[in-house]
1. Can we say SER29 is modelled with pLDDT under 90 and within 19 Å of GLU148 (Cα to Cα)?
2. Restricting the range 59-80 to residues that are among the hydrophobic types (A, V, I, L, M, F, W, C) and either at pLDDT below 95 or over 23 Å from VAL6 (Cα atoms) (or both), which is surrounded by the most Cβ atoms within 10 Å (Cβ to Cβ)?
3. When the range 133-156 is examined, which residues are found to be surrounded by 21 or more Cβ atoms within 10 Å (Cβ to Cβ) and assigned to a strand (DSSP E or B)?
4. I'd like the residue in the range 45-74 that is in a strand (DSSP E or B) and not aliphatic (A, V, I, L, M) and, out of all such residues, is nearest to the chain's Cα centre (by Cα).
5. Looking at (1) more than 23 Å from GLU62 (Cβ to Cβ); (2) surrounded by 13 or more Cβ atoms within 10 Å (Cβ to Cβ); (3) at pLDDT 85 or above, find the lone condition where ASN95 falls short.
6. What are the residue pairs meeting all of these: first residue in the range 46-58, first residue over 14 Å from LYS2 (Cα atoms) and touching a residue at least 24 places away in the same chain (Cβ under 8 Å), second residue among the polar types (S, T, N, Q) and surrounded by fewer than 19 Cβ atoms within 10 Å (Cβ to Cβ), Cβ atoms under 7 Å, and 6 or more apart or on different chains?
7. Six or more apart or on different chains, Cβ atoms under 7 Å: show the pairs whose first residue is in the range 85-111 and within 19 Å of HIS141 (Cα to Cα) and whose second is surrounded by fewer than 20 Cβ atoms within 10 Å (Cβ to Cβ) and basic (Lys, Arg).
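The values are calculated or read from the model by the stated rules, or taken from the named source; none is laboratory data. In this text the structure is predicted, and so the values were computed from the model without any measurement. As a convention, Cβ positions derive from the backbone with ideal geometry for all residues, glycine included, and neighbour counts pool all protein chains shown.
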Amino acid sequence: MKKDVVQPQLERFMEQLGEIGIIVDDQLSGIPDAEVISVVDVGLIAKVFANLFSNALKYTQEILTDTGEKRKYISYGHELIRDFFGAGKDGVKYNVFNTSPHLKPEERDRIFEEEYRGTNSTNRPGTGHGLAFIKNAIEIHGGVVGYEPTRYGNNFYFILPK
């Protein structure tokens, strides 16, 4: 997953991320080179990561940490979730995080709808198809998508059967 899917997509965006001062913090990425999950369409999952990195490029903003440090970064990772899809059916949660203000609570349930764009997107390019595409691609693989606000920003994730 890391070598064939994530890294090539991230490399596509590295120059643009650097130009606007976004750091890629992959210290906790935890995506091993030889991850074994159920069969996936590499092209579709690569496009999922491309959309997530593209959104991170558009929406990442500088934040102030608890220690007063200014940071502007994205990160990505994965974790195993035991029995997520039922007894003995583990899931693998992949995520892309970016520093930015949280989405409004009333928008969080709608962001994966076709053509929906949040109020924070009015001055940014986009069509409202990216997250809907991600949802469709992940559901084709028997997985689920989601969003969670975190301490310093927003975490977009998908969970695939292992």
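1. Spelling it out, SER29 is indeed modelled with pLDDT under 90 and within 19 Å of GLU148 (Cα to Cα).
2. First pass over the range 59-80, keeping only residues among the hydrophobic types (A, V, I, L, M, F, W, C): 63-64, 74, 80.
Narrowing further to those that are either at pLDDT below 95 or over 23 Å from VAL6 (Cα atoms) (or both): 63-64, 80.
Numbers: ILE63: 17, LEU64: 11, LEU80: 13.
My answer is ILE63.
3. Passing the criteria: GLY153, ASN154, PHE156.
4. By that ranking, first place goes to TYR73.
5. All conditions pass for ASN95, except number (1).
6. LEU57/GLN16
7. ASP90/ARG82; ASP90/LYS162; GLY91/LYS162; VAL92/LYS162
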